[in-house]
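Remarks on the structure that follows.
The values are calculated or read from the model by the stated rules, or taken from the named source; none is laboratory data. Here the structure is a predicted model, which is why all the values come from computation and not from measurement. Don't worry about glycine lacking a Cβ; one is built from the backbone with ideal geometry, like all the others, and counts go over all protein chains shown. Surface accessibility is based on the protein's heavy atoms, side chains included, excluding ligands, DNA and RNA. Shrake-Rupley method; radii C 1.70, N 1.55, O 1.52, S 1.80 Å.
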Amino acid sequence: MAKKRKWWSGLLVLSLVGVLFTGCSTNNTASSPTNAPAATAAPAESAAPDATEAPAADGPVDGGTLVTSTFSDIVNLNPLLINDTSSGDVAQFVFAKLYNLDREGNVQAEDWSLAAELPEISEDGLSYTVKLKDTPKWSDGQPITADDVIYTIETGKNPETGSPLISQYDKVKTVEKIDDHTVKFTLSQIYAPFLYALVQEIVPAHILKDVKPTEIQTNAYGTDPAKTVTSGPWKWTAWKQGESHTLDADPNYWGTVKPHIAQIVYKIYADQNTEVQAIMKGDTDHISAIPVTQVEAVKADGDIDIIQKPGAQYEYVMFNFDGKNFPDSYGLFAGQKTRQAIAHALNRQGMVDNILKGVGALMNAPFLPDTWADPGDAAVNYDYNAETAKKLLAEDGWVADAKDGILTKDGHRFSFELQYNAGNSRREQVAAVIQQNLKDVGIEVTPKAIDFAAWIDQNVTPGKFQALLLAWSLNTPDPDAESIFSSKYFPPAGQNSGWYKNEKLDQLWVDGYSTVDQAERKEIYKEVGKEISTDLPYVFLYQYGQAIGTGPRVHWAEEDAPEPSLGYGQFFHAIKWWVTD
């Protein structure tokens, strides 16, 4: 799976205001924000089939169980700590957000949002006043008020909490309670993505206010269903670790739109192949990411509806710049020419053609190809050229060992471990290609697959690895990526887990969000694209396509169909779906 706030997608979605690590496959692009200029043309290789028609049915019925699936368990459901896609998946059902995104990626106060209307923004762009509905309640019956919002923001921005939310709330100078249902945010500076920062789940102050920020990570809230008070249409009622989560409709849910589906079971399988077999046998009803190699077989089954469109995720190889992760504290990736050599050594187009079956688009910077921030030709493109790679490695001081040809420098062998999440068939194939490509230029790679939840918790989040193969799932359409590339956000209070530092980029990220003029921002992100593709904290691989499969028991109206271009769009408007037997 992948991850998000950008969470890591194991994925993933990026706090670019919001990424997560994702463990799954994905594909192309986030929607343009409300004030965005027209999107640039999507690369031809990212073209994906049109969505199939939504499942039809006579009309909604109440009751029944929807079984959806994944191949990695959650890490923590506390919205202050969510940093991976499985945790984010379950949170979509059990937590309400202040605001939600519509199908085009615009911020809206929906029936199921906690806010009653869009925020009032001051003329200088520094103050946002949010009015809450007076009806929302927690699953224990307590009202959701301004106190909960204030607690969430103050705790999320506190470095002692170790929350991935810190980068989107540390520009909040004050958050004030105007009354029980009105909150005023005052920013310390212009922060262009702040409206998207309000697309956020809230935590209960009455449950957590006495917990020290340093103890939030180990508190039972978010890991024990009995102690996790929620606010969404469904309640988290059971967790069989490594097997399933059970979510039951909350009979006291406060929204005027009530969920039709009585129970949701989120099943965890060993790998993607087993997950696909489960939906084809009718054991599950919904799968978020069918591997591209199996899409045609699933289509041939005839009973599974497939929606396959560009998504909001991209895959990359991340270098770790903290020498402590290497023998004798000798970091292997310190040389810029070394990183550029690795980019030239990887056959990225071959990965798209042969592993993704053409459903993907090469990327040279952390901006999705068909969005307004795409730097286009301003970013450096690294062609597949082993001879250029060898030349750059030699210029950076690497010399082939006479016995086995593996490069050495200052007495250190160029040999490293490439971590990725177990069960992801695409990533397993890509890791093998990387191993062979780098062997061809004298670099020894040992791929290592690790259970996603354990990997994120023990390696990725604390920055304890040498290199990894992973993806980001973008929660919102805004291109800000300060949280994952700025030296302000090293672990544990940030998502820059590769310990990358580039002072020029640090400033460019700040410049990029310090104006709301989108034309000006576009020029700044062009500079970001040029600098980051030259310095290469990551080798950016590709945006990829993710096929959502749904069995014959699941139904929705056309306007409520899944929307792959959004983070968590696989569950878009699930509150309005229904199931039949």
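Descriptive notes on the structure:
- Residues (in a helix (DSSP H, G or I), out of contact with any Leu (no Cβ under 8 Å at 6 or more places or on another chain) and of a type in the set (D, E, K, R)) located in region 329-358: 353
- Conditions (1) open to solvent by less than 50 Å² (accessible area, probe 1.4 Å); (2) out of contact with any strand residue (DSSP E or B) (no Cβ under 8 Å at 6 or more places or on another chain): number failed by residue 416: (2)
- Boolean, residue 563 is under 30 Å from residue 430 (Cβ atoms) and assigned to a loop (DSSP other than H, G, I, E, B): yes
- Residue 382, sole failed condition from (1) under 35 Å from the mean Cα position of the chain (by Cα); (2) part of a strand (DSSP E or B): (2)
- Consider region 95-104 and keep the residues that are in contact (Cβ under 8 Å) with a residue 40 or more places away in the chain and in a loop (DSSP other than H, G, I, E, B). The one that is farthest from residue 577 (Cα to Cα) is 98.
- Of all residues in region 546-560, those satisfying the criterion of being in contact with a Ser or Thr (Cβ under 7 Å, 6 or more places away or on another chain) and assigned to a strand (DSSP E or B) are 546, 548, 555.
- Scope region 289-305; condition outside any helix (DSSP H, G or I) and open to solvent by less than 10 Å² (accessible area, probe 1.4 Å); matching residues: 289, 290, 291
- Annotation: of all residues in region 247-275 being β-branched (Val, Ile, Thr) and outside any loop (DSSP other than H, G, I, E, B), the one that is least open to solvent (accessible area, probe 1.4 Å) is 264.
- The combined condition, being buried (at least 22 other Cβ atoms within 10 Å of the Cβ), within 22 Å of the chain's Cα centre (by Cα), among the hydrophobic types (A, V, I, L, M, F, W, C) and at pLDDT below 95, is fulfilled by residue 312.
- All conditions in (1) within 30 Å of residue 479 (Cα to Cα); (2) open to solvent by less than 50 Å² (accessible area, probe 1.4 Å); (3) assigned to a loop (DSSP other than H, G, I, E, B); (4) not basic (Lys, Arg) hold for residue 361, with the sole exception of (3).
- All of (1) in a loop (DSSP other than H, G, I, E, B); (2) within 26 Å of residue 220 (Cβ to Cβ); (3) in contact with a helix residue (DSSP H, G or I) (Cβ under 6 Å, 6 or more places away or on another chain) hold for residue 139 with one exception: (3).
- Filter result (polar (S, T, N, Q), at pLDDT 95 or above and farther than 20 Å from residue 437 by Cα) within region 329-377: 329
- Of all residues in region 294-302, one or more are on the phi > 0 side of the Ramachandran plot and either touching a residue at least 24 places away in the same chain (Cβ under 8 Å) or out of contact with any Asp or Glu (no Cβ under 6 Å at 6 or more places or on another chain) (or both).
- Near pairs, Cβ below 6 angstrom, 6+ apart or cross-chain, from region 209-231 (more than 24 Å from residue 98 (Cα to Cα)) to any residue that is surrounded by 12 or more Cβ atoms within 10 Å (Cβ to Cβ) and charged (D, E, K, R): 214/160
- Subset of region 77-94 [open to solvent by 10 Å² or more (accessible area, probe 1.4 Å), under 17 Å from residue 239 (Cα atoms) and assigned to a loop (DSSP other than H, G, I, E, B)]: none
- Among the numbered conditions (1) within 17 Å of the chain's Cα centre (by Cα); (2) farther than 30 Å from residue 355 by Cα, the only one that residue 519 does not meet is (1).
- Restricting region 277-288 to residues that are farther than 18 Å from residue 564 by Cα and touching a residue at least 24 places away in the same chain (Cβ under 8 Å), the residue that is most open to solvent (accessible area, probe 1.4 Å) is 283.
- The condition (being at pLDDT below 85, open to solvent by less than 10 Å² (accessible area, probe 1.4 Å) and in a loop (DSSP other than H, G, I, E, B)) is satisfied by just one residue among 40, 26, 34: 26.
- Test: residue in region 125-133 that is under 18 Å from residue 562 (Cα atoms), among the hydroxyl-bearing types (Ser, Thr, Tyr) and in contact (Cβ under 8 Å) with a residue 60 or more places away in the chain: no
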